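First the structure, in the form of C-alpha cells, and then the observations on it.
The values are calculated or read from the model by the stated rules, or taken from the named source; none is laboratory data. Note that the coordinates shown come from a computational prediction; the quantities given were computed from them, not determined experimentally. Virtual Cβ from ideal backbone geometry, glycine too; neighbours counted across all protein chains shown. Only protein heavy atoms, including side chains, enter the accessible area calculation; ligands, DNA and RNA are left aside. Shrake-Rupley method; radii C 1.70, N 1.55, O 1.52, S 1.80 Å.
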Amino acid sequence: MLNNFSKTLQGLETSPYPKEPAIGEAELIARINWLIRLRWIAVVGVLFIIWLTHNVLDLNLPILSLTLIAIFLALYNFCFWFYARYFMFKKTSAVLVKIAGRMVDFQIFLDLLSLTLLLHFSGGVENPFIFYFIFHMIIASILLSARASYFQATIATILFVLLVTLEYNDIIPHYCLTRYIGADLHKNKLYIMGISGVFITTIYLSVFMATSISKKLREKERLLHEANNDLKDQDRLKSEYVLRVAHDLKSDLATVQSCLKVVIEGMVGKVNEKQFDMIQRAERRTFNLIHFVKDLLNLSRIKARRDVQITSFSLQELISEAIETTHIRPDSKNITLQINIPPSLPMVNADKTNLEHLFINLIINAVKYTPQKGRVQIEAEEEGNQILVKISDTGIGIPASDIPKIFDEFYRAENAQSVEKDGTGLGLAIVKYIVQIHGGKIWVESEEGKGSCFSFTLPKAPAGMNKRLFIRDQPEHTPPVRDSSNASREGY
Amino acid sequence: MPTKAKILMVDDDSDFVEATKIMLENKSYQVVTACNGQEGLEKVEREKPDLIILDVMMPKKHGFEMCKELKSNPKYVQIPVLLLTAVGQNIPTSTYTVEMGLHTEADDYAEKPIEIDVLVARVEELLHRQNHTN
C-alpha cells in the first residue's frame, strides 16, 4: 500500500488543468461590447449636436453630410454588434483573441476617420471638438497593446494634419463656423501651427500615460490570476490527496468488514454470545467508518471537480430514480412524501450523478429528521434562467445558532446528534459543493421543532441548445452497469 | 444444495479473497482464486470457470489488462467478468483510469465493499444472462 501511495503522489504533481489565458474570451467580448455601447452614445451625441448647432446656435453647416456621417457611424456599429453577437463566440479561443484585436483596431480606425470627416464638415481646425481624438487614444490604450496605440496616435495625427493642410491650401472646401468664430482661423498659419503642436503632443502624451497605466494594471491582473491559479491547484492537490488516502482506507476497511461478516453470518462456525456481540460491535463501527470514508471520497471528488459531465435531463425523472435507489422508505415512518413538480418545468443542465447524490442526501435527511406521521415535500419551479428547488419537512428543525454552520464540513447540529449519533457531518457540505459546481446557491430556512426547508437553484437547460456539453474535455463514459447498490448506502 | 457455478476470483488482497471465498462457498459456489492477472489467466485456462470476479489494482497484470486479454480471446469471450474494486467509478489514479475500464468490456462493475447478497444477486444475474444467450 505504501508503494502504491508514493506512486500516486507522483501522479498528483502534474495538474490536469490547463492554465487560463491572461485575458479571458468572455472579457474580450465584454470589452468589444463596451466599445460598441460607447459608439451608440456617440451616435446620439453627434445627432444631438447637429440639431443643437442648426436649430439653437443657428450655425450654417452642411446638415446632410454631417447626418450621413452619423448614419455611417451607426451602420458600421450595427455590423460590429451583429458580428460580435452572433458569430464571434463560435470561434475557438486562439482565433477569437486574434480577431478581437483586429476588430478593435479596425473599429478605432473607422472612428478616427468618422471624427475627421465630421470635423471637416464643421469648421475643421476651428472646431473645438478636435480634442475628442484623445478619447480614442485612451480607448485604444486600454484595449490594445502599446504599439497598436501609438500606431493609432500616428493615424490620428496624419488625419488631422491632412485635414488642416488640405483646407489651408484650398484643396478641399472649408466649412466656416462664421457665427461661432469671427476670423477665418483656418488660414491663420500661426494659429494652425500652435493648435497642431498642442494637438499632436496631447495625443501622444495621453497614449503614453494611458498605456503605461494599463500596462501596470495588466501586469497586476496577470499576477493575481497566477496567484489565484496556484491557490486553485493547491486546493485541488489537497483534495486529491484526501481522495487517495480515503481510497486506500476504503479498500482495507472493506476487507475488515468482509472478514467480520463471515463470522457474524456463522459461515466459519458458531461463536459464543459474548464473542458474537463484540464482533458485531466491531462490524458496526467498521460500517460507520466505511460510510465516513465514502462521504469523504465524495466530498473530495466534488471539490476536485472530477468527472463533471453536464447534460440536460428532467428533474422529475431524476427524483423518482433517486427515491427508488434509496432504501429509506418514508411510509415506514408514516411520512407523506409529496412531489410537486409541474410537467411544464424545463429540463436542468447539470451533472446527473452528482445531482442524484444531492437529492438522495437531502431526502434521506428530511426523512431521517422528521418524526412519525410527518410530511416531506419536494417542489420545483422556473425562476428566470434557473430552476428553484425546495425540499421541506415537518421535522425537528435546526436551532437558529446552528444554521450559519450547517453547511460546514464535519459540522452537525446538536439536535441532529441526538437523532443519530454516528453521522459524518459531511452530507450537507457535499450538497453545498454540488450546488456550487453548478453555479447555484443553497440556503435553509428552519424553525426548531417545526421543520426545515432547503432551497437551491440549478441552471436551466437553454432551449434548443446542444443536449450534451462538457465542463472539461472528457471522453464520454459510463460503467458497463451502474452500481446502484452504492447509492443506497451513501448516507450521513 | 447442488453445487452451483465455478467462480474464479482474481484479487491480490488475500484477506478479502479468503472472506469472500467463504461467503460464496457458503452460497454453494465453487471458488478458485488467483492473486494477479497473470496467474488469473493461467487459472482460466486450467479451471475453465463459469464466471470471473476481477479486482483492478493488482501487481504484474492489472484487472483491466487481464479483462482485455480475455475478451479478445474467442475461447474466453463468453465468460462473464465482474469487476469488483475499491477504485470507484470516479476515483482518479495515475496508473488506472476509468477509460481503461471501459475498454475492457467487462460485463458488470461493482464497488468494494459489497454486501454478500448484492454480490450473489449480481453473480446470478450474469450467469442467467450467460445461459440465456447460449
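Please compute P(r) over all alpha-carbon pairs of chain A, binned at 10 Å starting from zero, and give each bin as a whole-number percent.
For chain A, the pair-distance distribution reads 3, 14, 19, 16, 13, 11, 10, 7, 4, 2, 1, 0.
What lysines does residue B:43 reach when the alpha-carbon gap must be under 27 Å and sequence neighbours fewer than 8 apart in one chain are set aside?
Answer for residue B:43, where 27 Å is the Cα cut-off: B:4, B:6, B:21, B:27, B:60, B:61, B:68, B:71, B:75, B:112, listed by chain and number.
For every other residue with a beta carbon closer than 10 angstrom to the beta carbon of residue A:399, add +1 if it is Lys or Arg and -1 if Asp or Glu, then tell me the sum.
-4
What average count of beta carbons from other chains do you get within 10 Å of the Cβ of residues in B:109-121? Can you show the working numbers first?
Numbers: counts 6, 7, 8, 8, 15, 6, 5, 5, 1, 6, 2, 0, 1.
So the per-residue partner count for this stretch is 5.
Charges at C-beta only: +1 for Lys and Arg, -1 for Asp and Glu. How large is the resulting dipole of chain A about its Cα centre, in Debye rounded to 20?
In total the dipole reaches around 640 debye.
Would you be so kind as to list the residues of segment A:219-264 that have their accessible area lowered by at least 40 Å² in the full protein complex compared with their chain by itself (1.4 Å probe)?
Listed by number, the residues meeting the 40 Å² cut-off are A:244, A:247, A:250, A:254, A:255, A:258, A:261, A:262.
What FRET efficiency comes out for residue A:314 versus residue A:86 if R0 is 30 angstrom and r is the Cβ-Cβ distance? Round to the nearest 0.05.
After rounding, the FRET efficiency stands at 0.50.
Under the definition of partner shielding as Cβ atoms of other protein chains within 10 Å of a residue Cβ, what is the mean value for peptide B:12-25?
Other-chain Cβ atoms within 10 Å of each residue's Cβ, averaged: 4.
Based on alpha-carbon centroids, what's the gap between segment A:324-360 and segment A:184-239 in Å, whole number please?
54 Å
Whenever you get a sec, compute what percent of the accessible area on segment B:6-133 sits on carbon and sulfur atoms (1.4 Å probe).
Using a 1.4 Å probe with all protein chains present, segment B:6-133 comes out at 47 percent carbon and sulfur.
Pick out the long, greasy-scoring helices in chain A: whole DSSP H runs spanning 30 Å or more along their own axis by Cα, mean Kyte-Doolittle at least 0.0.
Long hydrophobic helices here: A:25-51, A:63-86, A:93-120, A:146-168, A:189-264.
Express the relative contact order of segment B:6-133 as a whole percentage, based on alpha carbon pairs under 8 Å and six or more residues apart in sequence.
Once normalised by length, the contact order is 23 percent.
Any idea what the relative contact order of chain A is, in percent, if you count C-alpha pairs under 8 Å spaced at least 6 apart?
12 percent
Residue A:276 versus residue A:305, label points 7 Å from Cα toward the beta carbon: distance in nm?
Each label point lies 7 Å from its Cα, and together they span 5.3 nm.
Counting protein heavy atoms only and a 1.4 angstrom probe, how many square angstrom of accessible surface do chains A and B bury in total, to the nearest 100?
Chain pair A/B: roughly 3100 Å² of buried accessible area.
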